[in-house]
1. Suppose we filter A:Ile104, A:Ile186, A:Ile131, A:Ile109 for residues that are crowded, with 16+ Cβ neighbours inside 10 Å, of a type in the set (A, V, I, L, M) and within 14 Å of another protein chain (Cβ to nearest Cβ); which single one remains?
2. Between a residue in region A:85-102 that is acidic (Asp, Glu) and any residue that is surrounded by 11 or more Cβ atoms within 10 Å (Cβ to Cβ), which pairs come within a Cβ distance under 9 Å, given they are 6 or more apart or on different chains?
3. Out of the helices (runs of 4 or more DSSP H) lying entirely within region B:129-194, which hold 2 or more residues that are crowded, with 23+ Cβ neighbours inside 10 Å?
4. Confirm whether A:Ala179 is in contact with a helix residue (DSSP H, G or I) (Cβ under 8 Å, 6 or more places away or on another chain) and within 14 Å of chain B (Cβ to nearest Cβ).
5. Select from region A:86-102 the residues that are over 18 Å from the mean Cα position of the chain (by Cα) and part of a helix (DSSP H, G or I) and list them in ascending order.
6. Considering only residues that are away from chain A (no Cβ under 13 Å), at pLDDT 85 or above and over 17 Å from B:Pro351 (Cα atoms), which ones fall in region B:155-169?
7. Take region B:331-349 and flag every residue that is in a helix (DSSP H, G or I) and crowded, with 23+ Cβ neighbours inside 10 Å.
8. Given B:Ile84, B:Ile58, B:Ile53, B:Ile47, which one is at pLDDT below 70 and surrounded by fewer than 20 Cβ atoms within 10 Å (Cβ to Cβ)?
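The values are calculated or read from the model by the stated rules, or taken from the named source; none is laboratory data. Note that this is a predicted model, so its numbers are computed, not measured. In this analysis, Cβ positions are derived from the backbone assuming ideal geometry, glycine residues included, and neighbour counts consider all displayed protein chains.
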Amino acid sequence: MKLSKNFTNPLAANNPVIVQILGICSALAVTVKLEPALVMGLSVTFVTAFSNLVMSLLRNGVPSRIRIIVQLVVIATLVIVVDQFLRAFMYDVSKQLSVYVGLIITNCIVMGRVEAFALANKPWDSFVDGIANGLGYAFILVLVAFFRELFGSGTLFGFDVIARFGYENNSLMLFPPMALIIIGCIIWVHRTINKDLQEK
Amino acid sequence: MGLRQIVDKIKPTFSEGGKLGFLHSTFEGFETFLFVPNTTTQRGAHIRDCNDIKRVMIVVVLALVPALLFGMYNIGYQSGIEEILPAFWFGFLKMLPMIIVSYVTGLAIEFAFAQKRKHEINEGFLVSGLLIPMIMPISVPLWIVALSTAFAVIIGKEVFGGTGMNVFNPALLARAFAFFAYTPKMSGEAVWYAADGQTGATALEQLATTGEMKWSVMEAFIGRIPGSVGETSTAAILIGAAILLFTGVASWRIMLSVFAGGLAFAYLFQAVGVDITMIDDAPAYYHLLVGGFAFGAVFMATDPVTSAQTNCGKWIYGFMVGALAVIIRVINPAYPEGMMLSILFMNALAPLIDYFVVERNIARRKKLIKNVK
């Protein structure tokens, strides 16, 4: 029961991007096309899951005064693994994502989950929490990228979808401000559905 | 039976609990459109005159009419029709669909939001709906007009809470949306002409690229030059400005300081001798005649919602609008027209200016008290 709630909560009701407003920077940068957005989302999921797992295993052995350094070492190691993997097997996407893979280290979601959850919970719970938060982030990224690629380029995953019907590309969609507006609209819809999130 | 009686008779149907009660804000909108509301303030001391937002907005629309009429004539004139009336009629037929599309889209969204949120219909769109087609090139497709109007009303206005709450001028936001989303349809040589196959740079573009324009100063002042519908005729815009100033609807401080800021920076650039654009060869005051400078100064920068509210703030705000417009025109080669971006930018800064003006005033008066003690 608790485990399943751990998993579903970050996907919607406590989504890291649209409720906690974390990880916005990369959400603006990598959502022009669906493919890099999806890869980015999965990379972050991998990093949050395993940094949570590792830190949860280490939680009783790390003195709290040096815990941030230990966390950074763990997260940085995982990010380098992801980066090298992408360069080896998905070079094109890796080039599109450029510095943003390396910048996963600074993504607030990763460190936030380690601090807030992994240090106080058992490894398996932490692992699930990491996956769920990563997927919550990935879901929003893919949603934003879906609208941006569809209306900005008329394609989805590079396949021509509506351009053939004489659709005129909206180049504003390719600019980062539009990603912010789309995230704003998602938050608008989300809060209309979840009334308890609305500020009084 | 007079109109008033008819309105009174059908009023219960549209009131709370009536058969069509869910439409009450729509009804209210039309009622106050026809008659000055006779409601009085119940509590507190208020001085109120009958000039509600609706009447203020109508004055602005009236002030826009000279520029609109001339713009219609100019559409025909630029398409090669020499006589006045046929040229006007040609332009009228080109312009009418744009105005209708802009009003229908914008008002439909406003009405929908008003019904949903159960408040009165905001009148602000009466002006925005006319401004939007006037700052677009005449050949722009109607769906772009509709899309950018919808964007401006929803993202620019309704998400902030409707008329009076918006940070940015909705009409300019519509233009900015269209400009960045569909750049090829909003700039270049072909978009300023209604007839197919006609092309030519606007006066501003000619000045920016070659340092001179093929029209005389007088023609540029009268407005027989290509450009967006409303912006070409400085003369017609000045008539509108006179109406706005005479009725006290727009702030003379802002208007004056926009022109002052523009002129000051135009002369400054000329004195320094920045050589990438028009400034070297053309007189500095050309800046005020070509492009959207005058139109923006009179109708956009003075928007009472998005401009600075304090008197001192208005001077700073206006001066910065004019100065930034010229800076963008001269220094940024990507945008020949700087007025739109400079006003939107200063819209964002206006609350900050007001904040510092108020803080300074408080500090000054505190010091005064200290000195007396």
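1. On the way: A:Ile104 fails: within 14 Å of another protein chain (Cβ to nearest Cβ); A:Ile131 fails: within 14 Å of another protein chain (Cβ to nearest Cβ); A:Ile109 fails: within 14 Å of another protein chain (Cβ to nearest Cβ).
Selected residue: A:Ile186, the only one of A:Ile104, A:Ile186, A:Ile131, A:Ile109 that is crowded, with 16+ Cβ neighbours inside 10 Å, of a type in the set (A, V, I, L, M) and within 14 Å of another protein chain (Cβ to nearest Cβ).
2. As it stands, the answer is A:Asp92/A:Glu35, since those pairs meet every condition given.
3. Once the helices (runs of 4 or more DSSP H) in region B:129-194 are filtered for at least 2 residues that are crowded, with 23+ Cβ neighbours inside 10 Å, what remains is B:142-151, B:170-181.
4. In short, yes.
5. A:Arg87, A:Ala88, A:Phe89, A:Tyr91, A:Asp92, A:Lys95 - these are the residues of region A:86-102 that are over 18 Å from the mean Cα position of the chain (by Cα) and part of a helix (DSSP H, G or I).
6. Within region B:155-169, no residue meets the criteria.
7. Hits for region B:331-349 are B:Met339, B:Met340, B:Ser342, B:Ile343, B:Met346, B:Asn347.
8. B:Ile47
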